[in-house]
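Comments concern the structure below.
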Amino acid sequence: DTVSLQHGAHRSGNRTDADMERWRSHRLGQFIHWGLYAIPGGEWNGKVYNGAAEWIRSWKEMPHEAYDNLYKQFNPAGYNPQQWARQAKDMGARYMIITTKHHDGFCLWPSKYSKYTVASTPWKKDIIGPMVEAYNKEGIDVVLYFSIIDWNHPDWRTSLKTKEDTVAYGRFKVFVKNQLKELLTKYPTVKGFWFDGTWDESWKTDGAFSDELEQYLQSLHPGLIIGSRLRADEKGARHFDSNGRLMGDYEQGWERKLPEKIEDVHHNDWEGVMTIPENQWGYHARWTGHIKTANELIEMLARSASLGGNFVINFGPKADGTYRAEEQQLAAQIGQWMKTNGAAIYGGGYAGLEKQDWGYYIRKGNTDTVYMVVCNIPVSGYLRVKIPPQQSLQSATGLESGQPIPTTQTGRNEYLLQLENKKYDAPVVIQLEVKKGKERGEFEK
Ligand SMILES: C[C@@H]1N[C@@H](c2cn(-c3ccccc3)nn2)[C@H](O)[C@@H]1O
């Protein structure tokens, strides 16, 4: 039995409008975390911070005053948004999410509602505007990351304990609304907001405001795409309301983790965001632990598309506005694979076939075309394919080679595809045509 909610989900099922169809077809995005935290880059006073670099202000070795004065050093001589956009284009990213303001409250745009912005730095100029323009010019959509948490603002509260807290936080909510309207007014081509920092009591207990804010933003900018992390319902439930229904336009909880099977995402739209090291979003001079390879990131991208979600890879530019070599190399390697195999990813979604060990099925929209992204090359040399009853396999072709894949039928709806015996240094894609209905396929006896 459901509870009656004023501020729970207002829609069940996925959005079907053109803006959402476009977002859904992107499949590969680029996240950029850039801000004052890139200046220390995870180190301070000769000590290394082993938390996430963009959280260094919360480190006991970093005096708040020292961090808050870093803005006096922000002067990224190497900042070249056209180069950034070119690199993203070459990687095959279709959208980009940029941190306009992270938890530290520093604004990368000259907001008239705050002094803590690029306008107060030696750089002086707007960072966001030229970036949006450069990315749009490359045909890449832009989504604005905005942190509700704002450690710099005197009226921000983690929880509301006193009357004074409530009055201050009321002023803070007006400030948030003003900044968001300002961002939509200054950058009208943006396609969405990516909200973060919404887990504190102060926000969680004010479901009405988060609901009104979402509706206000949609009224200013119809079609805006906002994930499930913004809202809370009136009982404090987040992402899914107290009736288990998804709030927002897509499930936005997949941060540094991905779903395993379709039941994990219930056929909802969703997006996974991923760091290249274990847990660094902003620039950290010393990456430690496992650094993901291009093939690992490509497999995560294929897994995401196969489960009907988008996959966003994070980059953390240096304080001078240039990218570290590892990130440049990964972007190029992924782009190389996407140039040949992007057809299997863009516009791809859940295929409805039984997953096999060799990798992932991705269906091209609602067509009969199903791609196989083979990540695990079988020692046997054979790839097992099971087609649902009432459907039949019409053809199997190597996407890059364009050559037919030798295929034998081994059961009612089972086939073995023979993989060419060679060295594979990246996932390989096979294109299947799978017909619904009983038309007999060429492989069927
Ligand atoms: C997208 C990523 N979200 C931010 C984050 C996530 N978290 C967090 C906070 C509490 C529990 C789990 C994760 N803290 N900060 C990271 O700083 C980065 O911006």
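The values are calculated or read from the model by the stated rules, or taken from the named source; none is laboratory data. Only a predicted model underlies this, so the values are computations on that prediction, with no experimental measurement involved. Counting neighbours? That spans all protein chains shown, and the Cβs are built from the backbone with ideal geometry, glycine included.
Numbers at a glance
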| item | result |
| --- | --- |
| Pair list, Cβ < 6 Å and 6+ apart or interchain, from segment 198-221 residues that are within 16 Å of the ligand (Cβ to nearest atom) to residues that are in a loop (DSSP other than H, G, I, E, B) and among the hydrophobic types (A, V, I, L, M, F, W, C) | THR198/ILE148; SER202/LEU160; TRP203/ILE148 |
| Meets criteria (assigned to a loop (DSSP other than H, G, I, E, B) and among the aliphatic types (A, V, I, L, M)) for ILE149 | yes |
| Residue list for segment 281-314, filter: among the hydrophobic types (A, V, I, L, M, F, W, C) and either at pLDDT below 95 or over 21 Å from VAL48 (Cβ atoms) (or both) | ALA294, LEU297, ILE298, MET300, LEU301, ALA302, ALA305, LEU307, PHE311, VAL312, ILE313 |
| Considering residues of segment 1-30 that are small (Gly, Ala, Ser) and away from the ligand (no atom under 16 Å from the Cβ) only, the residue surrounded by the most Cβ atoms within 10 Å (Cβ to Cβ) | GLY8 |
| Strands (runs of 3 or more DSSP E) fully within segment 330-445 counting 3 or more residues that are closer than 30 Å to ASP90 by Cβ and out of contact with any Pro (no Cβ under 9 Å at 6 or more places or on another chain) | 359-364, 369-374, 428-436 |
| Which listed residue, of MET247, MET274, is surrounded by fewer than 24 Cβ atoms within 10 Å (Cβ to Cβ), aliphatic (A, V, I, L, M) and in contact with a Lys or Arg (Cβ under 8 Å, 6 or more places away or on another chain) | MET274 |
| Segment 78-92 - residue that is more than 24 Å from TYR67 (Cβ to Cβ) and assigned to a loop (DSSP other than H, G, I, E, B) and, of those, farthest from the ligand (Cβ to nearest atom) | ASN80 |
| The listed residue being among the charged types (D, E, K, R), modelled with pLDDT of 95 or more, within 25 Å of ASN310 (Cα to Cα) and in contact with a strand residue (DSSP E or B) (Cβ under 6 Å, 6 or more places away or on another chain), out of GLU400, GLU354 | GLU354 |
| Any hit, segment 281-296, residues being in a helix (DSSP H, G or I), more than 16 Å from the ligand (Cβ to nearest atom) and small (Gly, Ala, Ser) | yes |
| First in segment 93-106 and in a strand (DSSP E or B), second anywhere and small (Gly, Ala, Ser) and more than 11 Å from the ligand (Cβ to nearest atom), Cβ under 6 Å, 6 or more apart | TYR95/GLY29; MET96/ALA88 |
| Among residues of segment 335-386, those that are over 23 Å from the mean Cα position of the chain (by Cα), crowded, with 22+ Cβ neighbours inside 10 Å and of a type in the set (D, E, K, R), counted | 0 |
| Among (1) within 16 Å of the ligand (Cβ to nearest atom); (2) closer than 17 Å to GLN30 by Cα; (3) assigned to a loop (DSSP other than H, G, I, E, B) - the single one GLY272 does not satisfy | (3) |
| Yes/no for SER228 being away from the ligand (no atom under 16 Å from the Cβ) and surrounded by 14 or more Cβ atoms within 10 Å (Cβ to Cβ) | no |
| Selection within segment 31-54 - more than 29 Å from TYR135 (Cβ to Cβ), touching a residue at least 12 places away in the same chain (Cβ under 8 Å) and more than 15 Å from the ligand (Cβ to nearest atom) | GLU43, TRP44, ASN45, LYS47, VAL48 |
| Test: residue in segment 169-178 that is buried (at least 17 other Cβ atoms within 10 Å of the Cβ), more than 30 Å from ARG94 (Cβ to Cβ) and within 16 Å of the ligand (Cβ to nearest atom) | no |
| Any hit, segment 24-32, residues being more than 16 Å from the chain's Cα centre (by Cα) and in a loop (DSSP other than H, G, I, E, B) | no |
| Index of the failed condition, THR117 passing every other in (1) away from the ligand (no atom under 16 Å from the Cβ); (2) surrounded by 17 or more Cβ atoms within 10 Å (Cβ to Cβ); (3) touching a residue at least 12 places away in the same chain (Cβ under 8 Å); (4) not aromatic (Phe, Trp, Tyr) | (3) |
| Selection within segment 166-221 - assigned to a helix (DSSP H, G or I), under 22 Å from the mean Cα position of the chain (by Cα) and of a type in the set (Asp, Glu) | GLU214 |
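Conditions tested, residue by residue: (1) at pLDDT 95 or above; (2) of a type in the set (Phe, Trp, Tyr); (3) within 16 Å of the ligand (Cβ to nearest atom).
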position: TYR71; (1), (2), (3): yes, yes, no
position: GLY105; (1), (2), (3): yes, no, yes
position: ASP126; (1), (2), (3): yes, no, no
position: GLY129; (1), (2), (3): yes, no, no
